[in-house]
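**Q** Quick one: structure below, then a few questions.
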Amino acid sequence: GATTAIFTLVYDAMLRPLPFAQAGRLVTMQENVAEWSGALPLSANHFEFWEKHSRSFAAMAAMSEESMPLSHEGSQGTSGRPEQVTVLQATPGIFQVLEVQPLLGRAFTAAEAQPGHDRVAELTYSLWRNEYGGDPRIVGKTITLDGFPYTVVGVMAESFKMPPLQMWQGNGARRPLGVLVPKAFEPWQLQEAMGDFNYFGLARLKPGVTVAAATAELNAEQREIAAKLPANEKATLSASLTPWQQALVGGSEMPLLLLLAAVAGLLLVGCVNIANLLLARAVGQKQQMAVASALGASRGEMLRMAMRETVVLAVAGCGLGILLARALVPAMQRYLPEALNFRGALHLDWMGAACAVGLALAATLLAGLMPAWMASKTAPQEVLHSEAKLASESRGSRRLRRALVGVEVAVSVALVLMTGLLTLSMVKLMRVHRGFSAERTMTAMVNLPEDGYPNTQKRAAFYKEALAKLNALPGVSRAGMVSVLPLDGDFWVDMVRLPGDTRKWTDLPSEHFRFVSPGYFAAVRLPLVEGRYIEASDWGKNVAVISERTAKTLWKGADPVGRQYHMAGDPNGKPFTVVGVVENARTISLAKRDPMLVYTPYWYRCDAADGLVIRTRQDPAVMAGAIRRAIWSVDRSVPVPAVRTLGSVVAASVASRRFEMDLLLLFAASALLLAALGVYGVVTYSVVQRQREIGLRMALGAQRGNIYGLVLRDGLLPVAVGAAAGIALAFGMARVMESLLFEVSPYNPAMMVGAVCLLAGVGTLACLLPARRAAGVEPMEALRSE
């Protein structure tokens, strides 16, 4: 059941074709600038050039995704406020790329993707059903999106599921896609030589065209674009294509395979336990087999006789496993991290059932074939032997049973060690110095409609008034605004130019920007190193606070306070003056040190969707309603979809790691229990088989301590061998584990000793009960004649 559930997850994420026609031909498109590190989204200008000149693609599309307020009759519920929906802005080629058509109405056209055209929209099936009651007359009606009227031209089919775009993603839960609208590039965007790299690219390859051939064609076009760049923007451009499914799985591939290997190890331990039980049964079946052989049964008939019980167990286990997997899969999805939850509802289908049947067949062969083979090898003349002789176990069978226990222990040690390393890694990750404090801090995402807040001045005015209301709330110690909440992603990277720096644009240092209000630093308690924070008295001025790393990189150890820089994209604009330096903080990822950060005032730039951070003196859980009411007191039309603690934002940033660790912990505990049962079963059976020997030893003067030592040595020998093999197995997986760990070596000696000691302790406990039974044997009872 557990293996089938994990297989269903792995198959769903990595192997099941995406729900589009010939999905293997879908590829993501990214740009590369050799002077910068890492792949980038697309520039509008470059995308248009590709679309006009490429011959390897049946279609391509550029798109972006954002949240917008939606209002219409009947959609605002009892609150009377707009709902927030996820909107996909895409060029018209999206329908040809995905080979989809609306269920109702039509797709939007190229003419509708031009600036100034009347706004049109496609609704997803779920939004149409939930918000409009599945009204078939919706086509042609008007909805209000982002404050503007949009005419509905179509409704997508229920089967249309669009995974989230893999660009500048945050860690917050993504709302399901609700609306598709045409993406209209402005003339100035298409006139920029380099432009902003802001768009996710998706394309469909023509039949027979390989990824390598299409990449080569795009690279040739990139060289053509680079040759026309102005002197101050010269750059080495290239492109990269990735199969879409591979891009979706991304960094989750290795953890998924690790989970699959771990649950397969658990299945192996279970099979070994059954094999040991069946080996014990095989000894008792020797006389039955010998009689059958003497009466003329063939080896095949005897093998079938011995396998009957195994087959019955496997069939019953398969049925129960399918039922268990059906319950586990939806339960598992509730804890699934966002990175793996891109298909919608998980369910056990025919592929999962086929996996369960295949596992049952494999388990039958693995657990039952060897005991059945040993039982079927009984010679007819053994019928003439005494029953006591027949009831004894051969040395070969005993060695096999010990070897199987060693296998159980080896797998268990490896699982316990891997789980221990991931747990220690998680502990270190959560205790790492973040540079900010999440205690008693609430966050709220705000989504301003573009119609009412078309520019930075109007948006800044809203945030200024909203922050004043929040700071006036009882129990609030400080409220601030930030463009991206700590550990909720990264959305804005730009270049800065120092006075006198004449390098071309692409050689300038890149900075990660946060647009903040004066109260933000106090709200998250980001320590000041020198200078001062941005203050309310700076309103309208171009001031900035930078991180220590930025200061050391740009000014090489000199005092940066009072120094100036220009935004590279606005070289003739007013320069920024550095007024303070704050500590380096882990605001993008807990696992990595932040890159160079610049904090710029929100009156210079703020977007429609920004975050508020509120530090309270009260229990944060009781503040959510008051925070919403304070924001709505400024503008009731503004959606506030998510109010959560900053601690939950931090937890969401490590959700994938925690999911992997929790599952491995469950598998390791199960394997540990099964290994203990295996050791107990083998030692108990050995004590029963050696009862006469133990009685004889006691009759000849052996003490209870001697018998305890005899049984413990017999039981713990395979545990010791298996533990050594488990450590070797874990060493073999060290390279895989290293990429999943944070500040923990996969060769951590303390964890290895701990894993071995844990298995040794469990093995000792499993041996003590049979040892006590052996030490209590009455010599005369054991030696009594049959």
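**Q** In region 8-22, which residues are outside any loop (DSSP other than H, G, I, E, B) and either open to solvent by 50 Å² or more (accessible area, probe 1.4 Å) or free of Cβ contacts under 8 Å to residues at least 60 places away in the same chain (or both)? Quick ask: steps written out before the conclusion?
**A** The initial filter retains those residues of region 8-22 that are outside any loop (DSSP other than H, G, I, E, B), namely 8-15.
Listed by number, the list holds a single entry, L15.
**Q** Here is a further query. Just checking, how many residues over region 555-572 are more than 16 Å from V493 (Cα to Cα) and either of a type in the set (S, T, Y) or under 40 Å from the mean Cα position of the chain (by Cα) (or both)?
**A** Counting residues in region 555-572 that are more than 16 Å from V493 (Cα to Cα) and either of a type in the set (S, T, Y) or under 40 Å from the mean Cα position of the chain (by Cα) (or both) gives 4.
**Q** I would also like to ask the following. Looking at region 44-61, which of the residues that are aromatic (F, W, Y) and in contact with a helix residue (DSSP H, G or I) (Cβ under 8 Å, 6 or more places away or on another chain) is surrounded by the fewest Cβ atoms within 10 Å (Cβ to Cβ)? Full working, then the answer.
**A** At the first step, the residues of region 44-61 found to be aromatic (F, W, Y) are 47, 49-50, 57.
If we keep only those that are in contact with a helix residue (DSSP H, G or I) (Cβ under 8 Å, 6 or more places away or on another chain) as well, we get 49-50, 57.
On the way: F49: 17, W50: 23, F57: 23.
Residue satisfying both the conditions and the ranking: F49.
**Q** Could you tell me whether region 132-151 includes any residue that is of a type in the set (S, T, Y), under 28 Å from the mean Cα position of the chain (by Cα) and crowded, with 18+ Cβ neighbours inside 10 Å? Working first, answer last.
**A** Step one: of region 132-151, the residues of a type in the set (S, T, Y) are 132, 142, 144, 150-151.
If we keep only those that are under 28 Å from the mean Cα position of the chain (by Cα) as well, we get none.
No, there is no match, as no residue in region 132-151 is of a type in the set (S, T, Y), under 28 Å from the mean Cα position of the chain (by Cα) and crowded, with 18+ Cβ neighbours inside 10 Å.
**Q** Of all the residues that make up region 746-759, how many are under 27 Å from R401 (Cβ atoms) and either modelled with pLDDT under 85 or open to solvent by 60 Å² or more (accessible area, probe 1.4 Å) (or both)?
**A** Qualifying residue count, region 746-759: 3.
**Q** Given the criteria within 28 Å of L267 (Cβ to Cβ) and either over 32 Å from the mean Cα position of the chain (by Cα) or of a type in the set (G, A, S) (or both), does V687 qualify? Steps first, answer last, please.
**A** Details: within 28 Å of L267 (Cβ to Cβ): no; either over 32 Å from the mean Cα position of the chain (by Cα) or of a type in the set (G, A, S) (or both): yes.
Taking the combined requirement at face value, the residue does not satisfy it.
**Q** Provide a single number: the residues in region 296-310 that are surrounded by 15 or more Cβ atoms within 10 Å (Cβ to Cβ) and either among the hydrophobic types (A, V, I, L, M, F, W, C) or farther than 17 Å from I274 by Cβ (or both).
**A** First, pick out the residues of region 296-310 that are surrounded by 15 or more Cβ atoms within 10 Å (Cβ to Cβ): 297, 302-303, 305-307, 309-310.
Still in the list and also either among the hydrophobic types (A, V, I, L, M, F, W, C) or farther than 17 Å from I274 by Cβ (or both): 297, 302-303, 305-307.
Residues that pass the stated criteria total 6.
**Q** Another question about this same structure. Determine, yes or no, whether T215 is farther than 23 Å from W505 by Cα and polar (S, T, N, Q).
**A** On the way: farther than 23 Å from W505 by Cα: yes; polar (S, T, N, Q): yes.
Yes; evaluated as a whole, the condition is true for this residue.
**Q** Right, next: Starting from region 492-505, take each residue that is at negative phi and among the basic types (K, R) and list its partners that are surrounded by 18 or more Cβ atoms within 10 Å (Cβ to Cβ) and part of a strand (DSSP E or B), counting only C-beta distances under 9 angstrom and pairs at least six apart or across chains.
**A** Short answer, once both residue conditions are applied: R497/Y565; R497/H566; R497/M567; R503/R497.
**Q** Considering only residues that are acidic (D, E) and free of Cβ contacts under 8 Å to residues at least 40 places away in the same chain, look in region 524-563 and name the one that is surrounded by the fewest Cβ atoms within 10 Å (Cβ to Cβ).
**A** The initial filter retains those residues of region 524-563 that are acidic (D, E), namely 530, 535, 538, 548, 559.
So of that shortlist, the ones also free of Cβ contacts under 8 Å to residues at least 40 places away in the same chain come out as 535, 548, 559.
Working: E535: 14, E548: 19, D559: 12.
Ranking the candidates gives D559 first.
**Q** Scanning for something buried (at least 16 other Cβ atoms within 10 Å of the Cβ) and polar (S, T, N, Q), does region 114-123 turn up at least one residue?
**A** So in region 114-123, the residues buried (at least 16 other Cβ atoms within 10 Å of the Cβ) come out as 119-123.
Checking which are polar (S, T, N, Q) leaves us with none.
The answer is no; no qualifying residue exists.
**Q** Restricted to region 320-366, and to residues that are outside any helix (DSSP H, G or I) and out of contact with any helix residue (DSSP H, G or I) (no Cβ under 9 Å at 6 or more places or on another chain), which residue is most open to solvent (accessible area, probe 1.4 Å)? Steps first, answer last, please.
**A** The first filter runs over region 320-366 and keeps only residues outside any helix (DSSP H, G or I), leaving 334-337, 341-349.
From what is left, the residues that are out of contact with any helix residue (DSSP H, G or I) (no Cβ under 9 Å at 6 or more places or on another chain) are 334, 344.
Details: R334: 175, G344: 36 Å².
Taking the candidates together, the pick is R334.
**Q** Also, I was wondering about something else. Any chance you could count how many residues in region 621-655 are out of contact with any strand residue (DSSP E or B) (no Cβ under 6 Å at 6 or more places or on another chain), open to solvent by less than 40 Å² (accessible area, probe 1.4 Å), in contact (Cβ under 8 Å) with a residue 60 or more places away in the chain and farther than 12 Å from M445 by Cα?
**A** The number of residues fulfilling the criteria is 10.
**Q** Being under 46 Å from the mean Cα position of the chain (by Cα) and either at pLDDT below 75 or among the small types (G, A, S) (or both) is the filter here; which residues of region 696-718 pass it?
**A** Of everything in region 696-718, just one residue is under 46 Å from the mean Cα position of the chain (by Cα) and either at pLDDT below 75 or among the small types (G, A, S) (or both), namely G715.
**Q** Considering only residues that are of a type in the set (A, V, I, L, M, F, W, C) and within 21 Å of K504 (Cα to Cα), look in region 23-41 and name the one that is most open to solvent (accessible area, probe 1.4 Å). Full working, then the answer.
**A** Initial filter on region 23-41 (of a type in the set (A, V, I, L, M, F, W, C)): 23, 26-27, 29, 33-34, 36, 39-40.
Subset that is within 21 Å of K504 (Cα to Cα): 33-34, 36, 39-40.
Details: V33: 2, A34: 74, W36: 48, A39: 53, L40: 27 Å².
Within region 23-41, the match that is most open to solvent (accessible area, probe 1.4 Å) is A34.
**Q** Tell me, please, whether a residue that is of a type in the set (S, T, N, Q), surrounded by fewer than 16 Cβ atoms within 10 Å (Cβ to Cβ) and either modelled with pLDDT under 80 or in a loop (DSSP other than H, G, I, E, B) (or both) can be found in region 728-745.
**A** yes
**Q** Here is a follow-up. Of the conditions (1) at pLDDT below 80; (2) of a type in the set (A, V, I, L, M, F, W, C); (3) closer than 16 Å to I614 by Cα, I627 satisfies every one except a single condition; which number is it?
**A** (1)
**Q** Here's a follow-up. Please go through region 506-521 and pick out each residue that is surrounded by fewer than 20 Cβ atoms within 10 Å (Cβ to Cβ) and closer than 19 Å to G573 by Cβ.
**A** Correct list: L508, P509, S510.
**Q** Name the residues in region 90-113 that are buried (at least 20 other Cβ atoms within 10 Å of the Cβ) and under 34 Å from the mean Cα position of the chain (by Cα), would you?
**A** If the condition is that a residue be buried (at least 20 other Cβ atoms within 10 Å of the Cβ) and under 34 Å from the mean Cα position of the chain (by Cα), then A90, T91, G93, I94, F95, V97, L98, P102 are the ones that fit.
**Q** Name every residue in region 656-681 that is open to solvent by 40 Å² or more (accessible area, probe 1.4 Å) and of a type outside the set (S, T, Y), in order of residue number.
**A** R657, R658, D662, L665, L666, A669, L673, L674, L677 - these are the residues of region 656-681 that are open to solvent by 40 Å² or more (accessible area, probe 1.4 Å) and of a type outside the set (S, T, Y).
**Q** Now for a separate question. Which condition from (1) open to solvent by less than 40 Å² (accessible area, probe 1.4 Å); (2) over 15 Å from N276 (Cα atoms) is the one that T684 breaks?
**A** Checking T684 against (1) open to solvent by less than 40 Å² (accessible area, probe 1.4 Å); (2) over 15 Å from N276 (Cα atoms), the one that fails is (2).
**Q** Further, regarding this structure: Quick check on region 608-620: of everything there that is of a type in the set (D, E, K, R) and surrounded by fewer than 20 Cβ atoms within 10 Å (Cβ to Cβ), which residue is nearest to P518 (Cα to Cα)?
**A** As a first pass, look at region 608-620 and keep what is of a type in the set (D, E, K, R): 610, 615, 617, 619.
Adding the requirement that they be surrounded by fewer than 20 Cβ atoms within 10 Å (Cβ to Cβ) leaves 617, 619.
On the way: R617: 20, D619: 24 Å.
It comes out as R617.
**Q** Is it the case that region 197-211 has a residue that's in contact (Cβ under 8 Å) with a residue 12 or more places away in the chain and farther than 27 Å from P164 by Cβ?
**A** Going through region 197-211, the residues in contact (Cβ under 8 Å) with a residue 12 or more places away in the chain turn out to be 197-207, 209, 211.
With farther than 27 Å from P164 by Cβ added as a condition, the list becomes 207.
Yes; the residues of region 197-211 include at least one that is in contact (Cβ under 8 Å) with a residue 12 or more places away in the chain and farther than 27 Å from P164 by Cβ.
**Q** With out of contact with any Phe, Trp or Tyr (no Cβ under 9 Å at 6 or more places or on another chain) and over 30 Å from M254 (Cα atoms) as the only criterion, which of G317, G296 stands out?
**A** Numbers: G317 fails: over 30 Å from M254 (Cα atoms).
None of the others qualify; the one that does is G296.
**Q** Residues that are surrounded by fewer than 22 Cβ atoms within 10 Å (Cβ to Cβ) and of a type in the set (S, T, Y), at least 1 per element: which strands (runs of 3 or more DSSP E) completely within region 415-503 meet that? Quick ask: steps written out before the conclusion?
**A** Details: elements: 441-447, 476-482, 493-497.
The strands (runs of 3 or more DSSP E) meeting that bar are 476-482.
The values are calculated or read from the model by the stated rules, or taken from the named source; none is laboratory data. Quick caveat: nothing in here was measured; it's all calculated off a predicted structure. Heads up, the Cβs are rebuilt from the backbone with ideal geometry, glycines too, and the neighbour counts pull from every protein chain shown. When the accessible area is computed, the model is the full protein with side chains, heavy atoms only, and any ligands, DNA or RNA have been set aside. Shrake-Rupley method; radii C 1.70, N 1.55, O 1.52, S 1.80 Å.
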